[in-house]
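One structure is given below, encoded as structure tokens.
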Protein chains: 2
Amino acid sequence: MDKLTTAQREAALTSLGDWSYDPEEDAIERGFGFKDFSAAFAFMTRVALLAEKAGHHPEWSNVYNKVSIRLTTHDAGGLSDKDIDLARRIDALGT
Amino acid sequence: MDKLTTAQREAALTSLGDWSYDPEEDAIERGFGFKDFSAAFAFMTRVALLAEKAGHHPEWSNVYNKVSIRLTTHDAGGLSDKDIDLARRIDALGT
């Protein structure tokens with residue numbers, strides 16, 4: 001799994017839209033808001049299943065109705081296709 | 001729900017043992033390690049159920065097999081009995 005080139009990363013970010021790029025960590029991140037903790041944790045459960053299926057896991061945090069997800073690929077030393085694919089699958093949950 | 005006094009907090013922390021105190025945030029925190037993501041998320045699901053039942057929710061994060069939990073009571077402006085109770089219930093899960 002190779003790290004994305006700058007051109008690949010920029011194309012991917014444009015197509016993702018809602019994710020922002022963190023150049024310090026070569027990672028992408030997105031925040032999600034829900035009605036309450038129950039709804040936030042239901043979303044987290046769906047993301048956990050996507051992540052386990054993909055064999056690629058987020059760095060993420062939750063405070064009540066808010067979930068923050070950060071994706072990067074440590075084995076690649078930065079952002080890879082695995083992150084972009086997982087981001088698309090998370091977005092496809094339709095929150 | 002009142003914020004704990006210093007004496008109450010110190011007594012509670014002694015009895016909890018595995019939690020550390022963050023004076024900046026008037027919060028307690030503990031890290032947990034598991035075999036893999038699946039085991040870590042199983043634990044998170046149990047904590048989510050405890051939290052929802054208690055009506056008191058953690059600030060927490062997960063990276064693969066590690067879970068970090070921070071407890072404080074925003075309505076009380078710091079650590080309260082709700083945090084100590086939830087910490088005890090989490091410890092009682094027996095990770």
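The values are calculated or read from the model by the stated rules, or taken from the named source; none is laboratory data. Model, not experiment: these values are computed from the prediction. Here the Cβ positions follow ideal geometry from the backbone for every residue, glycine too, while neighbour counts run over all protein chains shown.
Observations on the structure shown:
- Within the set B:92, B:87, the sole residue that is hydrophobic (A, V, I, L, M, F, W, C), exposed (fewer than 12 other Cβ atoms within 10 Å of the Cβ) and within 12 Å of the chain's Cα centre (by Cα) turns out to be B:92.
- Yes/no for residue B:34 being under 24 Å from residue A:57 (Cα atoms) and more than 11 Å from chain A (Cβ to nearest Cβ): yes
- When residues of segment A:37-76 are limited to those that are within 11 Å of chain B (Cβ to nearest Cβ) and among the hydroxyl-bearing types (Ser, Thr, Tyr), the one nearest to residue B:45 (Cα to Cα): A:45
- Those residues of segment B:61-84 which are within 21 Å of residue A:59 (Cβ to Cβ), surrounded by 16 or more Cβ atoms within 10 Å (Cβ to Cβ) and among the small types (Gly, Ala, Ser), in sequence order: B:61
- Test: residue in segment B:8-19 that is within 10 Å of the chain's Cα centre (by Cα) and surrounded by 15 or more Cβ atoms within 10 Å (Cβ to Cβ): yes
- When segment A:33-49 is limited to residues that are touching a strand residue (DSSP E or B) at 6+ places or on another chain (Cβ under 8 Å) and not aromatic (Phe, Trp, Tyr), the one that is surrounded by the fewest Cβ atoms within 10 Å (Cβ to Cβ) turns out to be A:33.
- Qualifying residue in segment A:50-58 (condition: surrounded by 15 or more Cβ atoms within 10 Å (Cβ to Cβ), touching a His at 6+ places or on another chain (Cβ under 8 Å) and within 30 Å of residue B:73 (Cβ to Cβ)): no
- Scanning segment A:66-89 for any residue that is modelled with pLDDT under 95 and acidic (Asp, Glu) turns up at least one such residue.
- Verdict on residue A:25 being over 22 Å from residue B:46 (Cβ atoms) and loosely packed, with under 13 Cβ neighbours inside 10 Å: no
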